[in-house]
Each structure stands twice: as structure tokens, then as C-alpha cells.
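Colleague: My questions will all concern the structure given below.
Derivation of every value follows stated rules applied to the coordinates shown; laboratory data play no part. In this text, all values refer to a predicted model and were calculated from it rather than measured experimentally. In this analysis, Cβ positions are derived from the backbone assuming ideal geometry, glycine residues included, and neighbour counts consider all displayed protein chains.
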Amino acid sequence: MGNNILFLLHLPPPIHGSSIVGEQIKNSIKVNSQFSCSYINLLTSSSVGESGIFSFRKIFKGIQLWFKILFRLIQKRPDLCYFALTTTGFAFYRDVLLTGILKVFRVKRIYHLHKKGVKAASQKPFRKGFYNFVFQGSDVILLSEMLYSDIEYFVTKHRVHYCPNGIEDSHSRVNCDKGLKVVPKILFLSNLYELKGLLVLLDSLQQLDKRGVRYNCLIVGNEADISKERLAEELKIRELGDNVTYLGGLFGKEKESVFKDVDIFIFPTLDEAFGLVLLEAMQHCLPVVATIEGGIPDIVEDGINGFLVLKNDVKQLAEKMEKLINDEELRVSMGRAGRKKYEEKFTLSLFENRLTKILKKVLEH
């Protein structure tokens, strides 16, 4: 067995991009065969709605977490700590304390950043000191080269490693030649946060209605800062009830069934580092319309496997959706291009190989 690595990561529940990746790492035969691994879950929230909200229960869990890590370091000091750092909010200050423990024990650290926000948060002087403390002497894994500007003040380029996410391929056969539908189906799949661009999508759908464009839209995701009651109200205000259906949070075979049944995937996010759900859409041969945000342009090539639009641009989003709704041949060709790019760059096997090489490189140096 190889070097001893302590993984401080996010594990579901709740289910979001970072916890999905954490679970993939924990279950990876490749990673566990290359290193002697131990895992500690950093998440103190049990649901999406609790994320980012202060509670005394979270503080208690945080104290338990602190002692659990301390015990693990005393019991068996690792050669390296993989740390899924939370970059902003209350959880960041908890992670500052955990970093302090690792520094006391002189454990080499590599942070895997699943979100951005460091540059904006560090504008306040006292926060800048915390970021200096955390990143000093550490390596960092980013999901895209486009995200380096977020941490460039704190981490030099030679300490940064790039590892795009990957997902496991669907176990069932994927058909890129979807049958012709009289009314194409649009899918929005994400936890219901305003920052995921859900309200922007609704405004764009309202424009399609005014133009007489025929479509059906499915919204899938757990309630977050937008509740199902608020969503219903927003649909009522825009008179979208007949064309839009909210299905709640779906997982496993139910989610896969929805992906197979739709024709277009929409992700008008306003704040994103990568967008794991885009890989799922490409895996299912769906053309994608997404915003120019974070590392998304590494995933979606404008005009090839989908369209890129400006954030909050309701008109542009509506125009791209209308173009795909009215052109079946374009939908199919972009869907095929997306599937090809997924197979070449974003499979789970490729992700595991990239991550393993990075960890070995950091250990060697």
C-alpha cells in the first residue's frame, strides 16, 4: 500500500456537486488501490436548505469534527491531507481552524476547490489574512484554468493543478437520435437557488410564450432559497403554469428517465465553478444552453455542443432556446458533439486518473 492520505471531503447528504465528487473519490477503486486512505466527512448540514445557515447544532458537529481530525492525526499522521475547502461563508472559518490543526502537525495539504469566491471575499482586509494563512505552503486543485484568477493573489501557478470533474457513464444505453417531438421538452435540473438562474429561465420562457413558441419545461431539484410555494407563485405571475412542471428532487433511475425524455438542457447559472450537471446532460446527448461563468466554457463550446449566453440576459437565453426548439437537426448534432466531448474528457475514469497523478506528484515533491 502507498502513502497515507487523509481525505477531508464532502459526502452526501445533502446532494450537490462537491458531495457527489467526494463520494466518487471515497468509492474509487483506483484511488484506494494507490494510497492508504482514510476519510472524514466535513459536511454538517443534512439538507440543501440548511447549507450556509448558522445553527448551534452545526457548531456542535463542528467541534466533534475538530476532535475527530485531531484523534486521527495523533493516531496516524498522514503524508498528505486532501482537503475539500469551503471557500466562503461560516464553513470557511471552520476550515481555517482545521487548517490550523494540520499546520501544527506539519501535514502537507492540497485543497480541492469546488466553488469560487475567494477573490471577492478577500477584499476585506481581515479576511485576506485568513486566506493567506490557509493557502500558505499548500497546493491547490482547480476544476478549470479559468478559475485561477480567483486565487492568484494567494497561490502561485506552480502550486496549482487542474482536474476537471468526471462522472460515471450511464448503465443503460444512450440514444443520441431522439425521436421527433411535436413539442420539444426543456430541462432545468439543479437545487432551487436563485443563483442557479431559475428566475432568469422563467423570464425567458415568458418571452417564448409571447412569441408563440411551443415547448414543455421540466424543473427538477430540491427546494433551497426558492421553495415550491414560491416557485408556484413565480409561475403564476408569468402565466407559465400550463407549460412548466415542477417534479421535485429526483435521483437514480427517475432522474435518468427524465434526461432520456427531454430534448434540451438549460443551465443559466449566475455563480458557478464548473457545473457537474452539464456533464450529465452531455452524457445523455442533450444540447446545452449555459452561461459564460466559471469553468463552463471549458465544458460547453459555443455553437458546437450548445450555446453560451451572458448572465442575466433573458433575451439572449430565449433566442438560443427558440433556435434549438425549432431545429431538430441542430439539437441532434449538438447532442452528439456533447456526448463525444464527455467520452473524451469527462468520464469518471479520466477524473480518477487525473486526481491520482496529482496526488502522487504532490507527495513526490
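Colleague: Would you mind ranking I20, I266, I110 by Cβ crowding within 10 Å, fewest neighbours first?
Modeller: Numbers: I20 17, I266 32, I110 21.
Ascending number of Cβ neighbours within 10 Å: I20, I110, I266.
Colleague: Sort S257, S19 by Cβ crowding within 10 Å, fewest neighbours at the top. The partial results should precede the final answer.
Modeller: Details: S257 11, S19 21.
In increasing order of surrounding Cβ atoms, one gets S257, S19.
Colleague: Working from Cα positions, state the angle (0 to 90°, nearest 10) between the long axis of helix 348-364 and the longest principal axis of the chain.
Modeller: 20
Colleague: Around V309, what is the net charge, scoring Lys/Arg as +1 and Asp/Glu as -1 over all other residues with Cβ under 14 Å from its Cβ? Intermediate results must be reported in sequence, preceding the final value.
Modeller: Working: positive: K311, K315, K320, K323; negative: D203, E272, E293, E301, D302, D313, E319, E322.
Value of the local net charge: -4.
Colleague: Let me check against my output: what whole-number percent is the relative contact order of region 226-365, with C-alpha pairs under 8 Å and at least 6 apart? Provide the component values of the computation, followed by the final result.
Modeller: On the way: 153 pairs, mean separation 28.7, N = 140.
This gives 20 percent for region 226-365.
Colleague: Here's a follow-up. Among all cysteines in the chain, which have no other cysteine Cβ under 4.7 Å from their own Cβ?
Modeller: When partners are defined as cysteine Cβ atoms under 4.7 Å apart, the chain leaves C37, C81, C163, C217 without one.
Colleague: For the chain, what log10 I(q)/I(0) values come out of the Debye formula at q = 0.15 1/Å, with one point per alpha carbon and no solvent?
Modeller: -1.33
Colleague: Taking the 0 to 90 degree range and rounding to the nearest ten, how far is the long axis of helix 198-211 tilted relative to the main principal axis of the chain, both from C-alpha atoms?
Modeller: So the helix axis and the longest Cα principal axis differ by about 10 degrees.
Colleague: Taking the number of other C-beta atoms within 10 Å as the exposure measure, put R57, R106, R94, R238 in order starting with the fewest.
Modeller: Ascending number of Cβ neighbours within 10 Å: R106, R57, R238, R94.
Colleague: Further question: With everything on Cα atoms, drop me the angle between helix 90-104 and the longest principal axis of the chain, reported from 0 to 90° to the nearest 10.
Modeller: 30
Colleague: Out of region 158-224, which GluC sites (Glu not before Pro) are coil in DSSP terms and have no more than 16 other C-beta atoms within 10 Å? It would help to have the intermediate numbers written out before the result.
Modeller: Details: sites: E168, E194, E223; in loops: E168.
Filter output for region 158-224: E168.
Colleague: Can you run phi through the Karplus equation (6.51, -1.76, 1.60; θ = phi - 60°) for region 336-344 and list ³J(HN,Hα) in whole Hz, with x for Gly and Pro?
Modeller: Values per residue, Gly and Pro as x: 5, 4, x, 4, 4, 5, 4, 5, 7 Hz.
Colleague: Which residues' amide hydrogens lie under 5 Å from the amide hydrogen of L42, considering only partners 5 or more residues apart or on another chain, with H built in the peptide plane?
Modeller: L9, H10, L11
Colleague: I would also like to ask the following. So for region 185-345, what are the equivalent ellipsoid semi-axes in whole Å, largest first, each being the square root of 5 times an eigenvalue of the Cα gyration tensor?
Modeller: Details: eigenvalues 98, 60, 47 Å².
For region 185-345, the ellipsoid semi-axes come out as 22, 17, 15 Å.
Colleague: Moving on. Which net charge results for the neighbourhood of E152, defined as the other residues with beta-carbon distances under 14 angstrom from its beta-carbon, given Lys and Arg at +1 and Asp and Glu at -1?
Modeller: On the way: positive: K116, K119, K128, K157, R159; negative: E145, D150.
Value of the local net charge: +3.
Colleague: From the phi angles alone, apply the Karplus equation (6.51, -1.76, 1.60; θ = phi - 60°) to region 14-31 and give each ³J(HN,Hα) in whole Hz, x where the residue is Gly or Pro.
Modeller: x, 8, 8, x, 5, 6, 5, 5, x, 5, 4, 5, 4, 8, 6, 5, 4, 5
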